[in-house]
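Pasting a structure here, questions to come.
The values are calculated or read from the model by the stated rules, or taken from the named source; none is laboratory data. A quick note: this is a predicted structure, and the numbers were derived from the prediction, not measured. Here Cβ is always computed from backbone atoms with ideal geometry, including for glycine, and neighbour counts include all displayed protein chains.
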Amino acid sequence: MKHLFILISVSFVLSACMPTETQLQRLSPDGQNLVSLELADGLLYYQIDRVTRDGIKPVVLPSRLGFELGEENPNLYSNFEITGVSKSSFNETWTQVWGEKKNIENHYNEIRVSLRQTTDQPRLMQVVFRVYNDGVGFRYEFPEQEHLGDFTIMDEVTEFNLTGDHTAWWIGAYQWNRFEYYFEETPLTQIDTVHTPLTMRTADDLYLSFHEAALVDFTTMTLERTDGYSLKSNLMPWHSGVRVYATTPLVTPWRTLQIADKPGDLITSYLILNLNEPNKIEDTSWIEPSKYVGIWWEMHLDKSTWGSGDRHGATTENAKRYIDFAAEHGFEHVLVEGWNPGWDGSWYADGVVFDFTRPMPDFDLEGVAQYALDRGVRLMGHHENSASVVHYESQMEEAFALYERLGVRAVKTGYVGHGTEIQWFNEAGEEQREWHHGQFMVRHHQRVVELAAKHRINLNVHEGVKDTGLRRTWPNLMTREVAKGQEYNAWGAAGGNPPSHTVLLPFTRNLAGPFDYTPGVLDLFFDEYRPDNRIKSTLAKELALYVVIYSPLHMAADLPENYERFMDAFQFIKDVPVDWYDTRVLDASVGEYVTIVRKDRNSDDWYLGSITGDDARQVDIPLNFLDRNRTYRAHIYRDGDQADWVDAPYDFVIEHIEVTSRDELNFRLGRSGGVAIRFEAL
Ligand code: NOJ
């Protein structure tokens, strides 16, 4: 089997300068990525190659496709015959409602292979590959058919047989704390079962990211190493052991592989979004990327509490203080956590205690919402349900309607709870406990996003399912946490996120989509409240995160009184936009450093964020990304000469100079340091 593939590939590279496809092959529009399919003894294989000047380099070796079903005849991976092959091409540029880049090119070549099983009761399946310049997406489609109606999937056979012991960046799947782990860097052969995005670097410096797109009414795919350099799809099961409950016609999520010569090109690949359906929300006037402050960090510091009592954070008075602050400094929303009954006692263990439609006695919900509106600010709602999803769903409609009536445009949801503990009861009255990322929860989150859209509410989902680009279809699904964010700096057992965390996120978690990291904590030490923890970065790095980590809802997470002490630095947080015309990665090394520039969607200004991890370094930045024939005032927020996260995190300099695209800027970043720049077009 493997020989067959190699022969096909070699023959086409020797026979022509510009490769031509065989019937079962498809090249990307630029001719660099090649997908080959093969049916051998009734089994279906695919292979992905990279066409380079030096010849063909395999990226994915022949790998099997198919499923194992929970039916009488479970086998949906062999006895196939090909009944049709069709090819097509697509090229359009579409406009994001908001995002890292305004206009996105969606250009691919497609191959669709129709299959039928040569069994007594033949079943039909199609595999569709879309081959892009920046990678490949493929999915399975099951048309309506005689011998497959309602069915269950017990396993997905899809393999990714790789070519060597690549360096891999990953977090393990099937863990109690869901996606909230630090990313590991190991050889491929040291991984077990991992979440996606899974990022890799090959020995010849090709960068790969494995993920999925358009996860709708299916279950999350994790990747399991089966042997040597081989990975296989491992679908998160229901409590019942079934992986997916399905009905034809069905299309699965796309399995995706982004392929790049430089790590930064993974960041500017829009393949995941391109594989999602276009926007379904007609009137998007209420979908506004924006920044927020809120009654949040003070609870994480344990300065105040979510629960009632003397130290209750969400009081009317405190909320008004934050609203005044937001109005004065131009923030659109004020998040108020702990506003509703349920936080006293054991909410962490059991979310049935929460009430989503009534406020605590010391919080005048209606009055505060109006106070905000009168000042041009809106409350941001909060629905922490501690993974009690059935209970939450029983109040959801009323809860979103209430917020809509109060002029709330964004709600943060939360599903704190053990990774396996989503509880419900089946028709027989038996208790079921589901994974946070199985089909049960994928369905729940879909209901939430559609209900929120009905009430003109944008979502910020914490402890949710990983992002698979659904924001294209539902642009009110703005941002998510689904990783370790700023809060771990307050109380994480490691004493704060390590310096490398933020230089890994752009190449791992962020490849899935926007991340509500909640940056902007400028008071880096909290000895009064949490003496064992701190922010392990310099002040300048904390500012640069606004550009490096993309989110259309970004928080200014620190306490208002702390911002009063850092007004000069705070100016950058006030200025930085959250909606971009363009994004470019100037330089990057996974886990070491990254320099990103983004152009504002609503002005001619550019912004730069450059951060480093464990090591200090020199960064030289040619400004040729700036528009030509323009002069800019660069407002530079940089590490001082001695800056260092351990010894001198506050060594910080602000400079204002005039520059053009012909200039170059040079900076020394201290350990876990950074630089943030606003290039104001003059
Ligand atoms: C965990 C969330 O990540 C955090 O932002 C929130 O404050 C708490 N849960 C309480 O809902």
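Which condition number does E655 fail, the rest of (1) touching a residue at least 24 places away in the same chain (Cβ under 8 Å); (2) part of a strand (DSSP E or B) being met?
Of the numbered conditions (1) touching a residue at least 24 places away in the same chain (Cβ under 8 Å); (2) part of a strand (DSSP E or B), the odd one out for E655 is (1).
Assigned to a loop (DSSP other than H, G, I, E, B) and within 16 Å of the ligand (Cβ to nearest atom): does that describe G407? Outline the logic, then answer.
Numbers: assigned to a loop (DSSP other than H, G, I, E, B): yes; within 16 Å of the ligand (Cβ to nearest atom): no.
Judged against the criteria, G407 is not a match.
One line per residue, one yes/no per condition, for (1) under 20 Å from the mean Cα position of the chain (by Cα); (2) assigned by TED's automatic domain parsing to the domain that holds F356:
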position	(1), (2)
M396	no, yes
L402	no, yes
K412	yes, yes
E427	no, yes
E431	no, yes
M441	yes, yes
V465	yes, yes
E487	yes, no
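Let's see how each residue does on (1) within 16 Å of the ligand (Cβ to nearest atom); (2) free of Cβ contacts under 8 Å to residues at least 40 places away in the same chain; (3) part of a helix (DSSP H, G or I):
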position: V352; (1), (2), (3): yes, yes, yes
position: Q370; (1), (2), (3): no, yes, yes
position: L379; (1), (2), (3): yes, no, no
position: L402; (1), (2), (3): no, no, yes
position: A452; (1), (2), (3): no, no, yes
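Rundown of residues vs (1) surrounded by 23 or more Cβ atoms within 10 Å (Cβ to Cβ); (2) out of contact with any strand residue (DSSP E or B) (no Cβ under 6 Å at 6 or more places or on another chain); (3) not aliphatic (A, V, I, L, M), yes/no style:
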residue	(1), (2), (3)
H329	no, yes, yes
N340	yes, yes, yes
G367	no, yes, yes
Y371	no, yes, yes
G376	no, yes, yes
M380	yes, no, no
S394	no, yes, yes
Y403	yes, no, yes
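Going by what's in this entry, would D310 be described as within 16 Å of the ligand (Cβ to nearest atom) and either more than 29 Å from P289 (Cβ to Cβ) or surrounded by 17 or more Cβ atoms within 10 Å (Cβ to Cβ) (or both)? Please lay out each step first, then the result.
Details: within 16 Å of the ligand (Cβ to nearest atom): no; either more than 29 Å from P289 (Cβ to Cβ) or surrounded by 17 or more Cβ atoms within 10 Å (Cβ to Cβ) (or both): yes.
No, not satisfied.
Could you run through the stretch 568-601 and say how many residues are of a type in the set (F, W, Y) and either in contact with a Leu (Cβ under 6 Å, 6 or more places away or on another chain) or not in a strand (DSSP E or B) (or both)? So that I can check it myself, show each step before the final result.
From the stretch 568-601, those of a type in the set (F, W, Y) are 570, 572, 580-581, 593; that's our starting set.
Keeping just the survivors that are either in contact with a Leu (Cβ under 6 Å, 6 or more places away or on another chain) or not in a strand (DSSP E or B) (or both) gives 570, 572.
The qualifying residues number 2.
Determine which member of the set G149, G137 is of a type in the set (G, A, S) and touching a strand residue (DSSP E or B) at 6+ places or on another chain (Cβ under 6 Å).
Numbers: G149 fails: touching a strand residue (DSSP E or B) at 6+ places or on another chain (Cβ under 6 Å).
Going through G149, G137 in turn, just one is of a type in the set (G, A, S) and touching a strand residue (DSSP E or B) at 6+ places or on another chain (Cβ under 6 Å): G137.
Within the stretch 18-49, which residues are among the aliphatic types (A, V, I, L, M) and at pLDDT 95 or above? Step through it out loud before you land on a result.
From the stretch 18-49, those among the aliphatic types (A, V, I, L, M) are 18, 24, 27, 34-35, 37, 39-40, 43-44, 48; that's our starting set.
If the condition is that a residue be among the aliphatic types (A, V, I, L, M) and at pLDDT 95 or above, then L24, L27, L34, V35, L37, L39, A40, L43, L44, I48 are the ones that fit.
Moving to a separate point now. For S386, work out the one condition from (1) farther than 25 Å from A556 by Cα; (2) within 16 Å of the ligand (Cβ to nearest atom) it doesn't fulfil.
Failing condition for S386: (1).
Continuing with this model, one more query. Among residues belonging to the stretch 488-509 that are part of a helix (DSSP H, G or I) and of a type in the set (S, T, N, Q), point out the one that is surrounded by the most Cβ atoms within 10 Å (Cβ to Cβ).
That would be N489.
On to the next question. Which condition does L335 not pass, out of (1) closer than 30 Å to Q423 by Cβ; (2) out of contact with any Lys or Arg (no Cβ under 7 Å at 6 or more places or on another chain); (3) outside any loop (DSSP other than H, G, I, E, B); (4) within 16 Å of the ligand (Cβ to nearest atom), if it passes all the others?
Tallying (1) closer than 30 Å to Q423 by Cβ; (2) out of contact with any Lys or Arg (no Cβ under 7 Å at 6 or more places or on another chain); (3) outside any loop (DSSP other than H, G, I, E, B); (4) within 16 Å of the ligand (Cβ to nearest atom), L335 fails exactly one: (2).
Checking G485 against (1) touching a strand residue (DSSP E or B) at 6+ places or on another chain (Cβ under 8 Å); (2) outside any helix (DSSP H, G or I); (3) more than 12 Å from the ligand (Cβ to nearest atom), only one condition comes out false. Which one?
Unmet for G485, out of (1) touching a strand residue (DSSP E or B) at 6+ places or on another chain (Cβ under 8 Å); (2) outside any helix (DSSP H, G or I); (3) more than 12 Å from the ligand (Cβ to nearest atom): (3).
Just give me the residues in the stretch 410-420 being more than 13 Å from the ligand (Cβ to nearest atom) and buried (at least 20 other Cβ atoms within 10 Å of the Cβ), in sequence order. Full working, then the answer.
Within the stretch 410-420, the subset more than 13 Å from the ligand (Cβ to nearest atom) is 410, 418-420.
Those that are more than 13 Å from the ligand (Cβ to nearest atom) and buried (at least 20 other Cβ atoms within 10 Å of the Cβ): A410, G419.
Can I ask one more? Got a sec? Which of D604, D641 is acidic (D, E), under 30 Å from D532 (Cβ atoms) and either outside any strand (DSSP E or B) or in contact with a His (Cβ under 6 Å, 6 or more places away or on another chain) (or both)?
Details: D604 fails: under 30 Å from D532 (Cβ atoms).
Answer to the check: D641.
Here's something else I'd like to know. Being of a type in the set (A, V, I, L, M) and touching an Asp or Glu at 6+ places or on another chain (Cβ under 7 Å) is the filter here; which residues of the stretch 378-405 pass it? Walk me through it before giving the result.
Keep residues of the stretch 378-405 that are of a type in the set (A, V, I, L, M), which gives 379-380, 387, 389-390, 396, 399, 401-402.
Matches in the stretch 378-405: A387 only.
Based on this model, can you work out whether T420 counts as within 21 Å of L215 (Cβ to Cβ) and at pLDDT below 95? Break it down stepwise before answering.
Numbers: within 21 Å of L215 (Cβ to Cβ): yes; at pLDDT below 95: yes.
Yes.
Tell me, please, whether a residue that is assigned to a helix (DSSP H, G or I), touching a strand residue (DSSP E or B) at 6+ places or on another chain (Cβ under 8 Å) and away from the ligand (no atom under 16 Å from the Cβ) can be found in the stretch 461-481.
Filtering the stretch 461-481 for residues assigned to a helix (DSSP H, G or I) gives 470-472.
With the extra rule that they be touching a strand residue (DSSP E or B) at 6+ places or on another chain (Cβ under 8 Å), the set shrinks to 470-471.
Narrowing further to those that are away from the ligand (no atom under 16 Å from the Cβ): 470-471.
Scanning the stretch 461-481 turns up at least one residue that is assigned to a helix (DSSP H, G or I), touching a strand residue (DSSP E or B) at 6+ places or on another chain (Cβ under 8 Å) and away from the ligand (no atom under 16 Å from the Cβ).
Okay, residues lined up against (1) closer than 23 Å to S661 by Cβ; (2) among the hydroxyl-bearing types (S, T, Y); (3) free of Cβ contacts under 8 Å to residues at least 60 places away in the same chain:
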position: S589; (1), (2), (3): no, yes, no
position: N602; (1), (2), (3): yes, no, yes
position: W606; (1), (2), (3): yes, no, no
position: D615; (1), (2), (3): no, no, yes
position: L626; (1), (2), (3): yes, no, yes
position: R630; (1), (2), (3): yes, no, yes
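A further question on this structure: Could you pull out every one of the strands (runs of 3 or more DSSP E) wholly within the stretch 224-315 that has 2 or more residues that are in contact (Cβ under 8 Å) with a residue 24 or more places away in the chain and of a type in the set (G, A, S)? Show your work before the answer.
On the way: elements: 230-235, 244-247, 254-260, 290-295.
Those strands (runs of 3 or more DSSP E) span 230-235, 290-295.
Identify all residues within the stretch 516-546 that are out of contact with any Leu (no Cβ under 7 Å at 6 or more places or on another chain) and not in a loop (DSSP other than H, G, I, E, B); write none if there are none.
F525, A540, K541, L543, A544, L545, Y546
Look through the stretch 427-439, keep the residues that are touching a residue at least 40 places away in the same chain (Cβ under 8 Å) and surrounded by fewer than 20 Cβ atoms within 10 Å (Cβ to Cβ), and return whichever of them is nearest to the ligand (Cβ to nearest atom).
Of the stretch 427-439, the ones touching a residue at least 40 places away in the same chain (Cβ under 8 Å) are 432-439.
Checking which are surrounded by fewer than 20 Cβ atoms within 10 Å (Cβ to Cβ) leaves us with 432-433.
Working: Q432: 24, R433: 20 Å.
So, considering only residues that are touching a residue at least 40 places away in the same chain (Cβ under 8 Å) and surrounded by fewer than 20 Cβ atoms within 10 Å (Cβ to Cβ), the one nearest to the ligand (Cβ to nearest atom) is R433.
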